[in-house]
Each structure stands twice: as C-alpha cells, then as structure tokens.
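Below is one structure; the comments refer to it alone.
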Amino acid sequence: MGEAIGDLVGGEAEKVRDELIGPSMCEELRRGALIAVAVGAQLLYLAVRFRFALGVSAVVAMVHDALIVVGAFAWLGKPIDGVFLAALLTVIGYSVNDSVVIFDRVRQLQASHPEQPYARTTNTALFQTVPRTVNTGMGALCILATLALVGGDSLTDFALALLIGVAVGTYSSMFTAAPLAVELQARGMSTSRPSGGDGGAGDHERAGAAKARARTRSGAGLSR
C-alpha cells in the first residue's frame, strides 16, 4: 500500500500510524453512549421534579456514589466491563431514588409548615424517612452479600459493585444530599417551586394549611 501511494505521488510515503476501528472500539462507544443517556435522563428528571438547590444536591450525591464505586473497583483491580456498567447504572438509579424520597418529604413538610425554618424541616424529613431508607438498604445488602458469597465468578463483581453502591447511597442521601440542600438554601438558592410551577397539588396543600390555621385561630377566639 505504501509503495503504491509512493509511486502515485512520485516519492516515498511515510506511514505515521495505523488505526483500526473494530468491534472493541464500537463496544466502547456504545458503552459511553449508554452511560451518557442514562445520566442525562436522571438529570432531566431531577430538573423537572425539583428546583435548583434540591436538584443540584441530588446530582452531587449521585456523582459522589458513582465515583466511590469506580474508585473502589480501580483500587481492587477489578475489570471495568459490561457487568460493572450495569451495576453502576443501578447504583445511580438507587442514589437518585433515595434522594427523591427525602426531598419529596421535605416539600410536603414545607407546604404544611411554611413558617418553619428550612433546616428544621429537612431534619424532620430525615427522621421520618430514615426507617424506610435503612430498611430498604439493609434488605438489599443482605441479598447482595449472599450473591457475592455464593453467586460464583459471574455474579461476584456485579454483587460487589452493588454492595458498595447501596451502602454508599444509603448514607449519601442523608449525609450528603440533605445537608448540601440546607447549605444551598442558606445561600439564597430556591428549594421550592413558585406557585403554579409545581402543579395544583402544592397550592391546594398550602391553601388547606392556611385554612386549618385560620379555623384554629377562630376557634380559640370563640372559646375566649
């Protein structure tokens, strides 16, 4: 090939490098595209579901969990293959779900007690959702530990990645996402949608809470 090109141009053709795009390259591109689509879908969901501060907090917790899983596998010298990719995407979904559960409870408490400080509201939401978060995490950890021990070589890496991800995701939603949301709210970033932006449910909840407080005050006045 080089000699033929040299004859055409009237000189010698120098080969700089060879590049081959084969099935392995296509597999890497497909894997990268799958990760991008999955992460993009999670970011779009959070952007639609929450305001800026809560969405950013959930994303930070998600990235934190994914980086710890990747770092643990790199430190252990485990292969980064399709099995690991499936486990990593599962961890990302689990992390976002845990954060969404807490932030949904925060929004409900904000609607019913708008006068309460945001830090106290978040703390109350954490105490109310912690049994669900811990129980779900412990149940998943028991199953994954069994898979890691008796599942064989084909399931060991998958179960190990999920073990690390579930353990990290359980605490990050409580100790990373929630405190970060409180800090961002303290810096002036909005954590609740304006009226009309969150649908009619939030407006009805706030109106119902206001009516309940008005009835309480009127009842106290009549009793006097």
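Here are some notes:
- Residue in segment 110-123 that is part of a loop (DSSP other than H, G, I, E, B), on the phi < 0 side of the Ramachandran plot, at pLDDT 85 or above and of a type in the set (S, T, N, Q) present: yes
- Ile80, sole failed condition from (1) assigned to a helix (DSSP H, G or I); (2) surrounded by fewer than 16 Cβ atoms within 10 Å (Cβ to Cβ): (1)
- Scanning segment 41-71 for residues that are within 30 Å of Asp157 (Cβ to Cβ) and among the β-branched types (Val, Ile, Thr) gives Val59, Val60, Val63, Ile68, Val69, Val70.
- Ala140 assigned to a helix (DSSP H, G or I) and crowded, with 16+ Cβ neighbours inside 10 Å: yes
- Index of the failed condition, Val59 passing every other in (1) within 10 Å of the chain's Cα centre (by Cα); (2) within 19 Å of Gly137 (Cβ to Cβ): (2)
- No other residue among Leu162, Leu109, Leu149 is buried (at least 17 other Cβ atoms within 10 Å of the Cβ) and over 20 Å from the mean Cα position of the chain (by Cα) apart from Leu109.
- Hits in segment 29-45 (condition: of a type outside the set (A, V, I, L, M) and either in contact with a helix residue (DSSP H, G or I) (Cβ under 8 Å, 6 or more places away or on another chain) or not in a helix (DSSP H, G or I) (or both)): Arg31, Gln42, Tyr45
The values are calculated or read from the model by the stated rules, or taken from the named source; none is laboratory data. Note that the coordinates shown come from a computational prediction; the quantities given were computed from them, not determined experimentally. Here the Cβ is made from the backbone with ideal geometry for all residues, glycine too, and neighbour counts use every protein chain on show.
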